[in-house]
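Enquirer: Following this message is one structure expressed as structure tokens.
The values are calculated or read from the model by the stated rules, or taken from the named source; none is laboratory data. Treat the numbers as computed from the prediction; the structure is a model and nothing was measured. Cβ: placed from backbone, ideal geometry, glycine included. Neighbour counts: every protein chain shown.
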Amino acid sequence: MNGLALGLLVMRLGLGGMLAIHGLNKVFGGGRLAGTARWFEGLGLRPGWLHARLAAGNEIGAGLLMACGLAFPLAGAAFIGLMTVAAVTDHRGKGFFVFKGGWEYVALVAVISAGLVSTGPGRYSADAAAGWRLAGPGWAGLAILAGLGAAGVLYATATRWPTQAASTAADGEVPG
């Protein structure tokens, strides 16, 4: 067994499995989709019910694509987009370190995803079995642009931060 191919397989399975399980937790975890929807609403992503489903579906789908090494640039773009949205919503303003809620973790996942798209999924992948060679700097650049672009569009169209009056009223104060 080739060391590089084995290393890529292990990284794909770890990263893809982690994201797929993360998505499944949004659906079947403690709060289920309703709790995930409330959490997204709290982050300013509205409507929460839609974003809960989109995020869970994207995480499960991208995780499985990454783990299988199938349509690899698409998987990488989805990872980059998901991590970008997480960085600017849940992790924004909390610094770098993840133990303080910072963006360290999501940045690492996005960077590793881009790096994997550049190297390709390896010999033990669905792309290799299909004879697809969707790897290299150009594919990585495309995945980065697509991921950042999708995140930007989602963020611009779905973020609804409460107004000052609504925020004050929610805190129990009567707006002045």
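Enquirer: Hey, does the range 49-61 have a residue that's more than 24 Å from Ala156 (Cβ to Cβ), assigned to a helix (DSSP H, G or I), touching a helix residue (DSSP H, G or I) at 6+ places or on another chain (Cβ under 7 Å) and of a type outside the set (Ser, Thr, Tyr)?
Expert: Yes: one or more hits.
Enquirer: Restricting to the range 98-142, name every residue that is within 19 Å of Val10 (Cα to Cα), touching a residue at least 40 places away in the same chain (Cβ under 8 Å) and part of a helix (DSSP H, G or I).
Expert: Across the range 98-142, the qualifying residues are Val109, Ile112, Ser113, Leu116, Val117, Thr119, Ala126, Asp127, Ala128.
Enquirer: From the list Val27, Val10, which one is in contact with a Leu (Cβ under 7 Å, 6 or more places away or on another chain) and modelled with pLDDT of 95 or more?
Expert: Matching residue, one of Val27, Val10: Val27.
Enquirer: Please go through (1) at pLDDT below 95; (2) closer than 20 Å to Leu54 by Cβ for Ala150 and return the number of the only condition it doesn't satisfy.
Expert: Condition (1) is where Ala150 drops out.
Enquirer: Moving on. Restricting the first residue to the range 72-86 and requiring it to be farther than 24 Å from Phe96 by Cβ, which pairs with a second residue that is of a type outside the set (Ser, Thr, Tyr) and outside any helix (DSSP H, G or I) meet a Cβ separation below 6 Å and a spacing of at least six or different chains?
Expert: Listed by first residue and then by second, the contacts come to Phe72/Pro121; Phe72/Leu134; Pro73/Leu134.
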